[in-house]
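Encoded as structure tokens, the structure appears first; notes follow it.
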Amino acid sequence: MAYGKYSGFRGLFYNAGGPYHSFSLHRLTAMGICLFVGLHVLSSFSMQQLLGTWGTTINIIYESWWFQIVVVFCVLFHTINGIRVVILDIWPKLLRYERDVVYLEWAIFIPIYALTVYIIVMKAFTGTV
Amino acid sequence: MRPRYVPQRGINLDYLMWLFTRISGVGIVVLALIGLGSAMYMGARLQMDLPTVLRWTFLPNPSHVINSNIPDVTMGWANAFWQIMQFLIIFLAFTHAANGLRMIAEDYVGHTLWQPFVRAFFALLWMAMIIIAVYVVIGSAY
């Protein structure tokens, strides 16, 4: 079996380090974004065409603060990791530093995500930012 | 889970989709930055709040999100510029997504009899989602 394509639970214990885990997270967040955007489009369609109330139900879930924490993680991680993949594919010489680049990626991701979560949570608790 | 079949070198569908994934990924980021910049430009004097700025970044959609104020709803998708922006995001994002899901599924299916069905399924899903999304954009303008 090709371990390089595995992104399930056993991958958590597969000792390949940062690049493998970012690959795995890239796939999981990709499926999360597909689910989010697909349901967003379908519920927009249902609300626009007045096909029942399930679009409003999805809207209430999407606008809740805990769901936004998940969505921001998916979108932000997928974007930053995707940009890393594109840069390393355009300049393959940089593949030598792949592990370091993954650390750099987390160094960019964590402050942005932490600030966003802080704002979302503060807004959920106090009502204002 | 099966070992992956290595395609031939040269220009073929897998290579073109590999290239497209990179280009469309960068393209979506650029489109989002244009949306974000425009939201900043439009909202700077109107005290636009954060959710509204983010809605202009991706989805100035008057018929789904309730909780933020788009300053002028008719501006949303009635404007040709935002319609074209949205069509570009729809095309790039759904093609990127359908191809990505196809790759994930094919890693599990492999070169079996199921493969053409998997490809047909994602091709149909891709077409259906693009048609529905474009319909929502055009329908919101009226």
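Of all residues in the range A:98-129 being among the hydroxyl-bearing types (Ser, Thr, Tyr) and at pLDDT 85 or above, which is farthest from A:Ile80 (Cα to Cα)?
Looking only at the range A:98-129, we keep the residues that are among the hydroxyl-bearing types (Ser, Thr, Tyr), and these are A:103, A:113, A:116, A:118, A:126, A:128.
Imposing the further condition that a residue be at pLDDT 85 or above reduces the set to A:103, A:113, A:116, A:118.
Working: A:Tyr103: 12, A:Tyr113: 11, A:Thr116: 15, A:Tyr118: 20 Å.
Across the range A:98-129, the extreme among qualifying residues is A:Tyr118.
Being at the interface with another protein chain (Cβ under 9 Å from one of its Cβ atoms), out of contact with any helix residue (DSSP H, G or I) (no Cβ under 6 Å at 6 or more places or on another chain) and within 19 Å of B:Thr95 (Cβ to Cβ) is the requirement here; does A:Ile90 meet it? Full working, then the answer.
Numbers: at the interface with another protein chain (Cβ under 9 Å from one of its Cβ atoms): yes; out of contact with any helix residue (DSSP H, G or I) (no Cβ under 6 Å at 6 or more places or on another chain): yes; within 19 Å of B:Thr95 (Cβ to Cβ): no.
No, not satisfied.
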Test: residue in the range B:65-80 that is under 19 Å from the mean Cα position of the chain (by Cα), among the aromatic types (Phe, Trp, Tyr) and at pLDDT 80 or above: no
Conditions (1) modelled with pLDDT of 90 or more; (2) touching a Phe, Trp or Tyr at 6+ places or on another chain (Cβ under 8 Å): number failed by B:Leu125: (2)
Residue list for the range A:53-87, restricted to those being within 13 Å of chain B (Cβ to nearest Cβ), touching a residue at least 12 places away in the same chain (Cβ under 8 Å) and closer than 13 Å to A:His26 by Cα: A:Cys74, A:Val75, A:Leu76, A:His78, A:Ile80, A:Asn81, A:Gly82, A:Arg84, A:Val85
Residue in the range A:55-66 that is at pLDDT below 90, surrounded by fewer than 17 Cβ atoms within 10 Å (Cβ to Cβ), closer than 25 Å to B:Asn99 by Cβ and aliphatic (A, V, I, L, M) present: no
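Residue under question is B:Ile132, and the condition is that it be without any contact (Cβ under 8 Å) to a residue 40 or more places away in the chain, within 9 Å of chain A (Cβ to nearest Cβ) and farther than 13 Å from A:Ser44 by Cα; does it hold?
Values: without any contact (Cβ under 8 Å) to a residue 40 or more places away in the chain: yes; within 9 Å of chain A (Cβ to nearest Cβ): yes; farther than 13 Å from A:Ser44 by Cα: no.
So B:Ile132 does not fit the description; no.
The values are calculated or read from the model by the stated rules, or taken from the named source; none is laboratory data. Note that the structure is predicted; figures quoted are calculated from it, not measured. Backbone-built Cβ (ideal geometry, glycine too); neighbour counts: all protein chains shown.
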